[in-house]
Amino acid sequence: FKGGDTCEYLLSSGRFLGEKVWQPHSCMMHKYKNSEAKNCLIDKYIVFIGDSRIRQLFYSFIKLINPQVKEEGSKHGNIPFEDKSASIKVDFLWYPEVNGSMRQRIKSWTEGSVAKPHIMVAGAATWSIKIHNGSNEALTQYKINITSIAPLLEKLAKSSDVYWVLQDPVHEDMLSESRKMITNEKIDAYNEAAVRILNSSSRNSKAKVKLFSVSKLIAQETIMQSADGLHLPESSRDTNAMILMNVYCNKIMKPIDGSCCQPQPPLTLIQKFAFCFFTLSIIGYLIINLIHRNNFRKNKCTDLESGEEKKPAISTTNVSTLEMLLHSFCKLGLIMTYFYLCDRANLFMKENKFYTHSSFFIPIVYILVLGVFYTENTKETKVLNREQTDEWKGWMQLVILIYHISGASTFLPVYMHIRVLVAAYLFQTGYGHFSYFWVKGDFGVYRVCQVLFRLNFLVMVLCVVMDRPYQFYYFVPLVTVWFMVIYATLAIWPQIVQKKANGNCLWHFGLLLKLICLLTCIYFLSYSQGAFEKIFSFWPLSKCFELNGNVYEWWFRWKLDRYVVFHGMLFAFIYLALQKRQMISEGKGDPLFSNRVSNVLLFISIASFLTYSIWASSCKNKTECNELHPSVSVVQILAFILIRNIPGYVRSVYSSFFAWFGKISLELFICQYHIWLAADTKGILVLIPGYPVFNVLVSTFIFVCVAHEISQITNDLAQIVVPKDNSTLLKRLLCVAGFFSGLLLFSAMQDQSRH
């Protein structure tokens with residue numbers, strides 16, 4: 001669209017989301033904490049020069065550094081502030097009019113030996129209007145004075161950040177008699193003069209005085225809440241101070257959720273290699289495609305001349321495999337380009353999330369109606385059959401997506417219910433993989449490689465293209481590690497599978513003993529953070545599980561749902577044991593147990609489900625509720641399974657709408673990070689500015705199509721990269737080991753160059 005510098009948008013345009021959340025046009029604003037503000041402004045000297053409105057802004061700014069500051073300084077005098085711990089000095093200089101005194105002060109910074117400020121914020125006009133009773137002569141003098149200081153400001157802007165704050169509108173009805181001459185018409189005239197004169201001699205120069213005009217827009221919405229009609233309410237001036245902090249600090253601190261004023265990150269060495277690889281894949285595919293077309297035309301001409309049908313002599317198997325490989329990488333390359341443009345290049349706009357109950361619950365009701373509308377009969381009526389688990393994954397994924405885009409994590413009851421949905425995914429991991437190994441007894445390398453490839457392929461590509469650590473996509477490392485834990489638990493001697501256990505019941509106790517050992521290990525690691533961190537801090541594991549230089553985030557994510565995979569394995573064991581002994585009825589339309597038992601279990605399940613929801617909705621403290629969550633989340637999961645499966649009719653139908661999304665749920669979860677949300681999930685991608693609903697519809701359509709396409713690409717590549725032949729598979733594994741070794745080497749080189 002317009003392009004340009006996002007700093008200009010931050011300083012000049014935006015709108016309110018709700019009553020107090022300011023949304024700059026096209027970019028995201030970070031909310032700076034005191035520690036972050038100190039780190040950014042360390043050893044800096046900042047000056048605020050102007051009238052009482054600038055004094056307000058000064059106080060709001062220094063409160064970002066030290067919230068304990070009280071507004072006790074002289075109203076008509078200079079106010080110093082210093083933070084000795086970070087060597088930050090901030091001064092307010094009382095110059096209520098643009099006159100010779102202000103000019104002399106600015107001149108001392110440009111020509112004298114006085115220390116220059118790193119940041120200067122200036123502005124004044126209302127005193128000139130008040131003292132001279134709003135006369136035209138005062139406006140003329142203001143123009144002369146600002147013309148005289150403009151070259152000095154522009155000279156200072158070559159070495160410092162200089163901001164001129166345009167005058168905010170007033171609430172004329174609330175002004176006292178002594179201020180009645182300060183009208184919005186006069187303020188507009190003074191602002192127009194400042195805008196026309198400042199930077200007039202440096203239109204094409206980079207050293208410009210930055211016009212802080214966004215304050216006018218904020219004041220237009222909030223000046224009615226002013227105490228005297230002239231000064232902004234505290235929330236509005238705090239917003240202005242935060243905008244100033246974002247303008248200066250975003251390029252230094254580079255916060256993920258602060259896209260305003262951040263330059264596009266330079267391409268890393270690994271990203272350049274990825275770009276070359278995908279480019280070569282596209283060129284290779286086009287060349288092969290052209291060769292095939294030429295061969296087809298030649299064969300067709302020969303056939304027409306001879307009148308015979310000839311079979312091509314070329315081996316189609318090898319060509320088709322190579323073509324499929326290049327075709328997949330060609331599509332993937334184009335998709336990754338879209339990913340990069342959406343979330344790394346400053347091409348598309350990004351906005352902050354803003355939660356309202358309607359933005360979360362209305363889409364939930366909408367997809368629920370759609371899901372019920374697309375109801376079909378299942379192929380089989382077993383508990384947690386394939387259609388049912390796909391449906392379960394599908395509706396959970398859609399709810400999680402709505403939760404993320406609406407910013408509902410700020411509403412604790414919703415957060416606690418979403419935590420159960422994440423736990424339910426892990427429950428299915430435990431249930432599904434345990435069932436496979438227990439029933440099939442297949443512990444071969446092929447099965448392990450297939451699962452690991454399908455889980456990790458997209459994430460590994462994104463780590464390279466988007467320059468993000470593996471742990472950033474936390475859910476994939478979580479399910480990968482739990483899959484390996486399940487595999488190790490069942491594959492380690494003695495291997496106990498259903499076929500062996502049917503011959504001797506003692507093997508069931510052996511399996512239970514293995515599960516008890518697993519539970520003990522989980523319990524120990526959950527209460528021994530040091531032991532957990534030591535395990536995952538060894539190189540090269542540390543490269544996979546570190547985030548921001550430590551593995552704490554990984555420990556927190558693992559601990560949050562530490563028992564639910566075990567619960568899934570135990571449920572699978574009990575269910576398969578009951579099924580083997582024909583203690584449950586899974587016929588079409590039949591209740592799972594006898595009518596009496598089914599009714600009792602159904603009542604208990606509904607009561608448990610509602611009890612958990614009531615408890616989750618009454619949560620007051622996120623930390624305390626997270627502590628209880630690992631132990632109690634299984635209650636709602638089991639309640640849902642029983643409610644969904646005990647009645648025969650309910651077990652015999654499923655929603656094909658939800659099941660379709662369930663088949664690509666992993667891709668949806670990962671792709672949302674960059675092409676639906678923005679700034680690594682902290683904001684929302686804006687393809688169509690000004691039309692939020694239409695924008696969500698368009699970006700969602702592209703997002704779902706891309707996720708579906710990536711799912712197909714992953715399946716195609718899994719057949720090629722992970723062959724069934726063991727010797728070929730071993731060679732591929734050696735190649736993969738070499739690739740990752742090279743990746744780790746380049747990653748280490750990148751880290752060194754960054755430091």
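Below are the figures for this structure:
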| read-out | value |
| --- | --- |
| Cross-link table K20/K251; K31/K622; K158/K251; K33/K70, entries beyond 23 Å C-alpha to C-alpha | K20/K251 |
| Percent accessible area from carbon and sulfur atoms, the chain, protein chains only, probe 1.4 Å | 61 percent |
| Using alpha-carbon coordinates, inclination of helix 726-754 to the longest axis of the chain, degrees | 10 degrees |
| FRET efficiency estimate (nearest 0.05) - Cβ-Cβ, L267 to E111, R0 41 angstrom | 0.45 |
| Where the range 134-256 is the region considered: accessible area per residue in Å², 1.4 Å probe | 44 Å² |
| The range 337-421: GluC sites (Glu not before Pro) in DSSP coil with no more than 15 other Cβ atoms inside 10 Å | E380 |
| Overall dimensions of the chain as given by Cα atoms, namely Rg and Dmax in Å | 32.4, 106 |
| F273 accessible area, 1.4 Å probe, all protein chains in place, Å² to nearest 10 | 110 Å² |
| Using alpha-carbon coordinates, inclination of helix 412-440 to the longest axis of the chain, degrees | 30 degrees |
| Ratio Rg/Rh, restricted to the range 357-435 and using Cα atoms, in which Rh is the Kirkwood radius | 1.02 |
| Alpha carbon centroid spacing (whole Å) that separates the range 113-137 from the range 1-74 | 20 Å |
| Reachable aspartates and glutamates from K331, criterion Cα separation under 14 angstrom, eight or more residues apart if same chain | E323, E709, D716 |
| Relative contact order of the chain, defined on C-alpha pairs under 8 angstrom at six or more residues apart (%) | 15 percent |
| Segment S176-Y527, extension gain: residue separation times 0.36 nm, minus the distance between their alpha carbons | 120.0 nm |
| Relative contact order %, the range 30-209, counting alpha carbon pairs below 8 Å whose residues are six or more apart | 22 percent |
| Distance between modelled label sites at K382 and Y474, nm, 7 Å Cα→Cβ extension | 3.4 nm |
| Gyration tensor verdict on the range 102-155 (Cα atoms; rounded if a/c is under 1.5, prolate if a/b is larger than b/c, oblate otherwise) | prolate |
| Residue-span extension gain [S159 to K298] - 0.36 nm each, minus C-alpha spacing | 43.1 nm |
| Estimated [θ] at 222 nm from DSSP helical runs (n ≥ 4, -39500 (n - 2.57)) normalised by residues in the chain, nearest 500 | -21000 deg cm²/dmol |
| Euclidean distance between Cα centres, the range 142-213 to the range 562-615, Å | 71 Å |
| Contour minus Cα-Cα distance for I288 and M484 (0.36 nm per residue) | 66.6 nm |
| Reachable lysines from K724, criterion Cα separation under 22 angstrom, eight or more residues apart if same chain | K440 |
| Within the range 30-209, percent of DSSP bridges classed antiparallel, to nearest 5 | 25 percent |
| Tilt relative to the chain, helix 692-721 - C-alpha long axis, 0 to 90 degrees, to 10 | 40 degrees |
| By accessible area with a 1.4 Å probe, ligands and nucleic acids excluded, highest first: order of D43, D161 | D43, D161 |
| Surface accessible to a 1.4 Å probe, per residue, for the residues of the range 348-722, Å² | 45 Å² |
| Computed accessible area, D725, all protein chains, 1.4 angstrom probe, square angstrom | 80 Å² |
| Nearest-10 value in Å² for the accessible area of H292, using the 1.4 Å probe | 70 Å² |
| Entries in K75/K130; K107/K208; K116/K254 that, when Cα-Cα distance is taken, lie over 23 Å | K116/K254 |
| Distribution of pairwise C-alpha distances over the range 429-515, 10 Å bins, in % | 16, 42, 24, 13, 4, 0 |
| Neighbour cut-off at most 13 other Cβ (10 Å), DSSP loop, trypsin sites (Lys or Arg not before Pro), the range 551-601 | R581, K588 |
| V369-Q68 FRET efficiency (beta carbon distance; Förster radius 45 Å; 0.05 resolution) | 0.30 |
| Cross-link partners of K580 among aspartates and glutamates (Cα-Cα below 18 Å; sequence separation of 8 or more within a chain) | E380, D590 |
| By accessible area with a 1.4 Å probe, ligands and nucleic acids excluded, highest first: order of I664, I702 | I702, I664 |
| Residues S537 and Q225, FRET efficiency given R0 of 45 Å [Cβ-Cβ distance, rounded to 0.05] | 0.30 |
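The values are calculated or read from the model by the stated rules, or taken from the named source; none is laboratory data. Predicted model, so just to flag it, every value in this text is computed and none were measured. Reconstructed Cβ throughout: ideal geometry from the backbone, glycine too, with neighbour counts over all protein chains shown. Ligands, DNA and RNA are excluded from the accessible area calculation, which covers all protein heavy atoms including side chains. Shrake-Rupley method; radii C 1.70, N 1.55, O 1.52, S 1.80 Å.
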